[in-house]
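The values are calculated or read from the model by the stated rules, or taken from the named source; none is laboratory data. Just so it is clear, the model here is predicted, and its values are computed rather than measured. Cβ placement follows ideal geometry from the backbone for every residue including glycine, while neighbour counts extend to all protein chains displayed. Heads up: the accessible areas ignore ligands, DNA and RNA and are worked out on the full protein's heavy atoms, side chains in. Shrake-Rupley method; radii C 1.70, N 1.55, O 1.52, S 1.80 Å.
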Amino acid sequence: MNESNLRVRPLVSTDFEQVRPMLLDMGFVEDEGALAARFPALCTHLDWGLLGAFEDERLLGYAAAQDYGPHVRSGDSHRTAKLHDLYTAPDCRRRGWPAP
């Protein structure tokens, strides 16, 4: 992997074909049709963060997190989020990150 070609960006609806096998590999997909319909909406939902790691145009992995809002003790200065998924393509696992 060439780190100069690695970039992280928000996922968009057109990334579904690349992220679909990863979502299925994570398991527990009740209805693939509903997943395909839900994905574009979550890409633009303000409470969700869907990020993809790309090497050139290839998706290497993704993360899905949901903003749960202000923290009970500290309000907006410390918001609460839940990491739902963190996935790396099998052939990209255990490679480490090259030191600068």
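Some observations on this one:
- Given the choices [x] 42, 27, 23; [y] 42, 41, 21; [z] 48, 33, 21, Cα extents along the principal axes in Å derived from the coordinates of this structure is entry [y].
- Accessible area of the chain belonging to carbon and sulfur atoms, whole % at 1.4 Å probe: 54 percent
- With viscosity 1.306 mPa s and temperature 10 °C, the Kirkwood radius over alpha carbon pairs of region 43-100 converts through Stokes-Einstein to a diffusion coefficient of 118 µm²/s.
- Per residue value of the accessible surface for the chain (all protein chains in place, 1.4 Å probe), Å²: 69 Å²
- Within the chain, longest stretch clear of exposed trypsin sites (Lys or Arg not before Pro) (DSSP loop, no more than 13 other Cβ within 10 Å): 1-72
- Interchain or long-range residues, amide H under 5 Å from VAL12's placed H: none
- Stretchable slack from ARG94 to ARG9, in nm (0.36 nm times residue separation minus alpha-carbon distance): 28.4 nm
- Here the gap between THR44 and GLU17, fully extended at 0.36 nm per residue and compared with their Cα-Cα distance, gives a gain of 8.0 nm.
- Summing +1 for each Lys or Arg and -1 for each Asp or Glu among the other residues whose beta-carbon sits under 13 angstrom from that of ASP91 gives +2.
- Loop-located chymotrypsin sites (Phe, Trp or Tyr not before Pro) in the chain whose Cβ has at most 13 other Cβ within 10 Å (DSSP): PHE28
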